[in-house]
Structures are given as structure tokens and as C-alpha cells.
Amino acid sequence: MTSNALSVVVLVSGSGSNLQTLTDQQNSLGIRISAVVSNRSDAYGLTRARLANIPAITLNHKDYPNREQYDADLIQCIDQHSPALVILAGFMRILTPALTQYYHGRMLNIHPSLLPKYKGLHTHRRALEAGDSEHGVTVHFVTEELDGGAPIIQARVKIKASDTEETLRQRVLTQEHRIYPTAVAWFAQGRLKLLNNSAYLDGVPLPESGYDYPVEASTEQP
Ligand code: GAR
């Protein structure tokens with residue numbers, strides 16, 4: 001690993017497949033994952049971190065009386081590792097304004113929908129129930145508004161008549177594993193910035209819904 005790798009902290013609540021993708025590509029992305037933090041001790045993402053010799057920390061939200069106190073401790077926990085970037089990879093918590101403002105411009109999230117559509121939970125089910133012809137995933141900067149920060153990259157997935165929530169989730173996840181590393185590499189290379197609540201790549205504003213990532217038919221298979 002190069003010594004000028006960007007220090008990042010990754011936050012997870014569940015399986016951590018996006019974390020795994022980033023872990024596997026640390027060298028080529030120019031990052032060093034300094035710690036993985038979870039609000040759930042049973043998150044498999046913590047096991048993935050331990051297997052990769054990355055410090056794995058649980059900060060259980062159930063030990064706190066409110067979001068403000070949890071997020072205050074979360075900031076302290078993250079900052080012990082002095083990250084230049086904080087990556088939310090399936091971290092299923094609503095964040096306080098104090099936390100989002102503190103990491104303004106240096107916190108990314110991945111959300112399984114074509115934002116601004118389907119903020120919140122059960123995005124695959126909602127896309128299917130709405131009869132949409134396409135679904136997808138967005139990487140965006142984190143701001144105060146839930147799933148509302150400036151989009152960086154989107155990947156689109158065609159919805160098939162035979163799709164179930166699970167088959168659609170899998171195809172979207174395949175694209176997640178392509179676009180998150182791309183966005184993280186851009187940030188590590190100093191090419192990606194948040195300015196006046198818009199995402200800029202190489203000094204040029206990205207489209208309002210983010211860079212439209214080309215999805216090859218071959219990578220759309222479950
Ligand atoms: C991913 O699908 C990610 O987009 C989603 O959680 C999953 C985590 O999977 N995030 C959200 O819904 C955030 N609102 P993973 O643990 O296997 O990376």
C-alpha cells in the first residue's frame with residue numbers, strides 16, 4: 001500500500017459487501033481503511049474487517065438515550081482514526097445535522113435507488129410496486145437531508161417482468177460494487193469535491209443526478 005493512501009473510515013450495519021469491494025481494492029483506489037464502525041455487533045461487515053486486519057468497532061445505538069449523544073460519540077470514535085473521508089456502506093441510521101455538518105464534503109453514502117426517487121427503505125419493493133421500467137443506485141455526498149445530498153454517480157438497471165425484490169436487489173448490488181469504488185477513487189485522487197452543495201468532478205459540475213455510469217449488459221446478470 002502506498003504511504004500517501006487516503007485514510008478512510010467505513011460505517012456499516014449489515015453484510016458489508018460494499019465494504020468488501022472497497023477493502024479488496026484499497027491499493028488501486030489509493031485508500032487505506034483505518035477502521036470499520038458498526039452500530040450492530042452482529043454486522044457481518046465487522047467480521048469482514050477483522051479478516052482483513054482492519055480495526056472493527058461496535059458502537060451500539062441501544063446504549064444511548066438519543067441520536068445526539070450517539071452521534072457525538074460516533075464522531076469521536078471515527079476521528080480517532082483521522083480519516084480524510086467517511087464512507088457509509090449500508091449504515092442504516094438517520095444522522096443528526098451536527099454529524100452531517102461536521103463531515104460536510106467528506107462523507108459519502110450509497111443508496112439503492114435512482115435518487116431523488118425512493119429515499120428511505122424498501123426501495124426495490126417500491127420500484128416494483130410502482131411498475132417502474134428501471135431502478136438503480138446512487139452514490140452521493142451526505143448532507144442534512146436524508147438521502148438528499150448531491151449525487152455523484154448513478155447506475156441504472158432494467159426491471160424485468162420476472163423480477164422479485166431479491167433478484168432486483170442482487171442486480172442493483174452488482175452495480176453498487178462498480179460505482180462505489182469509482183466515486184471513492186475520484187475522491188482519493190482529489191478530483192471530486194462538494195461545492196455549494198453540488199458535486200464537482202475535475203472542477204466541472206456533475207449532472208444533477210450524477211454521472212450516468214455505463215452499465216454493460218453482461219454485468220447486469222444476477
Ligand atoms: C446496499 O444495498 C446499500 O445500497 C444499502 O444497504 C445495502 C448494504 O449492503 N444502503 C441503504 O439502503 C442506505 N440508505 P452491504 O452491507 O452488502 O454493502
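The values are calculated or read from the model by the stated rules, or taken from the named source; none is laboratory data. Values in this document were obtained by computation on a predicted structure and should not be read as measured data. With ideal geometry, Cβ positions are generated from the backbone for all residues, glycine too; neighbour counts draw on all protein chains shown.
If we scan the range 74-97, do we find a residue that is in contact with an Asp or Glu (Cβ under 7 Å, 6 or more places away or on another chain) and surrounded by 21 or more Cβ atoms within 10 Å (Cβ to Cβ)?
Scanning the range 74-97 turns up at least one residue that is in contact with an Asp or Glu (Cβ under 7 Å, 6 or more places away or on another chain) and surrounded by 21 or more Cβ atoms within 10 Å (Cβ to Cβ).
Contact map, the range 58-83: residues that are under 13 Å from L95 (Cβ atoms) paired with residues that are assigned to a helix (DSSP H, G or I) and among the small types (G, A, S), Cβ distance under 7 Å, separation 6+ or inter-chain. Pairs shown: E68/A98; D71/A98. Of all residues in the range 4-35, those being surrounded by 16 or more Cβ atoms within 10 Å (Cβ to Cβ), in contact with a strand residue (DSSP E or B) (Cβ under 8 Å, 6 or more places away or on another chain) and of a type outside the set (A, V, I, L, M, F, W, C) number 8. Among the candidates L128, L108, the residue that is over 30 Å from C77 (Cβ atoms) and either within 12 Å of the ligand (Cβ to nearest atom) or more than 16 Å from the chain's Cα centre (by Cα) (or both) is uniquely L128.
Residues in the range 125-166 that are among the polar types (S, T, N, Q) and surrounded by 15 or more Cβ atoms within 10 Å (Cβ to Cβ) were compared, and the one that is nearest to P207 (Cα to Cα) is Q154. When L194, L108 are screened for being in contact with a strand residue (DSSP E or B) (Cβ under 8 Å, 6 or more places away or on another chain) and more than 22 Å from V12 (Cβ to Cβ), only L194 passes.
Scanning the range 118-149 for residues that are under 16 Å from E165 (Cβ atoms) and part of a loop (DSSP other than H, G, I, E, B) turns up Y118, G120, L121, H122, A130, G131, D132. In the range 36-53, of all residues being surrounded by fewer than 20 Cβ atoms within 10 Å (Cβ to Cβ) and not in a helix (DSSP H, G or I), the one that is nearest to the ligand (Cβ to nearest atom) corresponds to R40.
Inside the range 1-25, can you point out the residues that are over 18 Å from R50 (Cα atoms) and assigned to a strand (DSSP E or B)? L6 - this is the single residue of the range 1-25 that is over 18 Å from R50 (Cα atoms) and assigned to a strand (DSSP E or B). Name the residue that is farthest from the ligand (Cβ to nearest atom), counting only residues in the range 161-198 that are polar (S, T, N, Q) and at positive phi. Per the stated criteria, the residue is N196. Taking the numbered list (1) away from the ligand (no atom under 14 Å from the Cβ); (2) assigned to a strand (DSSP E or B); (3) under 18 Å from I179 (Cα atoms) in turn, S28 passes all entries but (2). Inspect all residues belonging to the range 199-217 and state whether any of them is under 30 Å from A84 (Cβ atoms), within 16 Å of the ligand (Cβ to nearest atom) and surrounded by 21 or more Cβ atoms within 10 Å (Cβ to Cβ). Looking through the range 199-217, at least one residue is under 30 Å from A84 (Cβ atoms), within 16 Å of the ligand (Cβ to nearest atom) and surrounded by 21 or more Cβ atoms within 10 Å (Cβ to Cβ).
Residue count for the range 179-222, restricted to those that are at pLDDT 95 or above and touching a helix residue (DSSP H, G or I) at 6+ places or on another chain (Cβ under 7 Å): 8.
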